[in-house]
Amino acid sequence: ASAVAQKRWNLSDFDIGKPLGRGKFGHVYLAREKRSNHIVALKVLFKSQLQQSQVEHQLRREVEIQSHLRNPNILRLYGYFYDQKRVYLILEYAARGELYKELQKCKYFSERRAATYVASLARALIYCHGKHVIHRDIKPENLLIGAQGELKIADFGWSVHTFNRRRTMCGTLDYLPPEMVESVEHDASVDIWSLGILCYEFLYGVPPFEAMEHSDTYRRIVQVDLKFPPKPIVSPSAKDLISQMLVKESSQRLPLHKLLEHPWIVQNADPSG
Ligand SMILES: Nc1ncnc(NCCc2cnc(NC(=O)Nc3cccc(C(F)(F)F)c3)s2)c1Br
């Protein structure tokens, strides 16, 4: 295994570089592990913030879950360490940065780019679900782009093994399926719903149930109030796929392996992903 897999780390093992981004709990820096010259991303979290948000257990779960995941479309979490005040996550560096910035810049993606991203995310989720892991927080902010333009799912802070399912809500509602906003039992099909939301947002630049008020977003989700704007022009085949994923009854959502056989994916996704 690479030197990065060493057990006990501390800050002096790394040269810290430029800031890469800021998350809700802390900043991310480019860093180089001194012995191996391995480039990584170092996320710095403040213990005080983790304690007051009572999310330490979620962080432990993320580290545990991520230690078993190996997939080209899942950002690696190599390990972690802590000092008096902070916890540090040693992460794979995604050289082309955050997908949501790319989406803001382009406004929306071409059908080929959208389909390529959706197919690679479907393959990563098939892998996760095969290991009884549901991500539960699939949204542009949690997607990064690797050096070859490939998509990487990051931040398993909300993921769970599908044996224990309960959790509290926080952050945007936009990507949550009906059963989660209604806080009822949920399973891996929540990720199919979120992938459908993502597919819509890749093509139109906004999520389908966006509204000014939380209460309106909530209502549009539970009613599956799905509308396709006249602009930009999107193929009927793409709308068909989205309509098969954004289905209220979770058991009726298009299974991920069927998604990979959908005509829109077959005709538009770049096989290399
Ligand atoms: N170019 C880049 N290349 C690589 N990484 C980059 N950014 C970091 C992406 C992340 C991957 N994994 C993460 N995980 C968490 O943040 N976990 C987290 C954090 C706080 C609380 C919690 C919890 F306690 F609530 F679970 C869980 S952030 C960038 Br920009």
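The values are calculated or read from the model by the stated rules, or taken from the named source; none is laboratory data. Note that this is a predicted model, so its numbers are computed, not measured. All Cβ positions, glycine included, derive from the backbone under ideal geometry; neighbour counts span all protein chains shown. Surface accessibility is based on the protein's heavy atoms, side chains included, excluding ligands, DNA and RNA. Shrake-Rupley method; radii C 1.70, N 1.55, O 1.52, S 1.80 Å.
For the chain, build the charge dipole from Cβ charges (+1 Lys, Arg; -1 Asp, Glu) around the Cα centre, then report which of Leu11, Pro255, Asn268 sits farthest towards its positive end.
Leu11
Give a residue-ordered list of calculated ³J(HN,Hα) values for the stretch 95-108 (Karplus: 6.51 cos²θ - 1.76 cosθ + 1.60, θ = phi - 60°; whole Hz; x for Gly, Pro).
My calculation for the stretch 95-108 gives 5, 9, x, 8, 4, 4, 5, 5, 5, 5, 5, 7, 6, 8 Hz in order.
If you put +1 on each Lys and Arg Cβ and -1 on each Asp and Glu Cβ, how big is the dipole of the chain around its Cα centre, in Debye rounded to 20? Numbers along the way, then the final one.
Numbers: 38 positive and 30 negative charges, 163 e Å.
The dipole of the chain has a size of about 780 debye.
What's the center-to-center distance, using Cα atoms, between the stretch 92-162 and the stretch 241-273 in Å?
15
Can you run phi through the Karplus equation (6.51, -1.76, 1.60; θ = phi - 60°) for the stretch 208-218 and list ³J(HN,Hα) in whole Hz, with x for Gly and Pro?
For the stretch 208-218, the Karplus curve yields x, 10, 4, 8, 5, 9, 3, 5, 6, 4, 3 Hz.
At 0.36 nm per residue, and after removing the present C-alpha to C-alpha distance, how many nm does the segment from Asp270 to Asn37 gain when stretched out fully? Don't skip to the answer; put the middle values down first.
Working: separation 233, 0.36 × 233 = 83.88 nm, distance 3.27 nm.
Full extension of this stretch gives 80.6 nm more.
Along the principal axes of its C-alpha atoms, what lengths does the stretch 79-160 span, in descending order and rounded to whole Å?
47, 31, 20
Which order do the peptides 98-106, 118-126 take when ranked by the mean count of other beta-carbon atoms within 10 Å per residue, highest first? Could you put the intermediate results ahead of the total?
Working: 98-106: 15.2, 118-126: 23.2.
The densest-packed peptide leads the list: 118-126, 98-106.
Given a Förster radius of 51 Å and the C-beta distance between Leu11 and Ile233 as r, what FRET efficiency does 1/(1 + (r/R0)^6) yield to the nearest 0.05? Provide the component values of the computation, followed by the final result.
Numbers: r = 51 Å, r/R0 = 1.01.
Using R0 = 51 Å, I get an efficiency of 0.50.
In the stretch 210-263, what percent of the accessible surface is made up of carbon and sulfur (1.4 Å probe, ligands and nucleic acids excluded)? Could the numbers behind the result be given before it?
Values: 1860 of 3260 Å².
Taking all protein chains in place, the stretch 210-263 shows 57 percent carbon and sulfur surface.
Which order do peptides 190-203, 250-263, 222-235 fall in by mean Cβ count within 10 Å, highest first?
Details: 190-203: 25.1, 250-263: 16.2, 222-235: 12.4.
Per-residue mean Cβ counts within 10 Å order the peptides as 190-203, 250-263, 222-235.
Counting only other residues whose beta carbon sits under 13 Å from that of Gln66, what net charge do I get with K and R as +1, D and E as -1?
Working: positive: Lys43, Arg60, Arg61, Arg70, Arg76, Lys131, Lys152; negative: Glu62, Glu64, Glu92, Asp155.
Result for the neighbourhood of Gln66: +3.
Collect residues whose amide H, placed 1.01 Å from N in the peptide plane, falls under 5 Å from the amide H of Arg76; neighbours closer than 5 in sequence don't count.
Here the answer is Glu92, since their amide H atoms fall under 5 Å of that of Arg76.
Would you mind checking the pairs Lys7/Lys101; Lys85/Lys131; Lys18/Lys231; Lys231/Lys258; Lys101/Lys227 and listing those with alpha carbons more than 31 angstrom apart? Can you show the working numbers first?
Values: Lys7/Lys101 34 Å; Lys85/Lys131 34 Å; Lys18/Lys231 39 Å; Lys231/Lys258 28 Å; Lys101/Lys227 25 Å.
Pairs exceeding the cut-off: Lys7/Lys101; Lys85/Lys131; Lys18/Lys231.
Name the long-range amide H neighbours of Leu20: under 5 Å, sequence gap of 5 or more, or other chain; modelled H, no Pro or chain starts.
Result for Leu20 returns Val28, Tyr29, Leu30.
Averaging the inverse of every distinct alpha carbon separation and then flipping it gives the Kirkwood radius. What is it for the stretch 14-121, in angstrom units?
Values: mean 1/r = 0.0640 Å⁻¹.
This gives a value of 15.6 Å.
Find the accessible area per residue for the chain; the probe is 1.4 Å, ligands and nucleic acids are left out, and the unit is Å².
Working: 13490 Å² over 273 residues.
Ligands and nucleic acids excluded, the result is 49 Å² per residue.
Over all directions, what mean area does the Cα convex hull of the chain project, stated in square nanometres? Display every interim value, and only then the final one.
Numbers: hull surface 58.4 nm².
That works out to 14.6 nm².
For the chain, find the longest principal axis of its Cα atoms and tell me its angle to the long axis of helix 236-245, 0 to 90°, nearest 10.
Compared with the principal axis, the helix lies near 70 degrees.
Any idea what angle helix 189-204 forms with the longest principal axis of the chain, computed on alpha-carbon atoms, 0 to 90 degrees, nearest 10?
80
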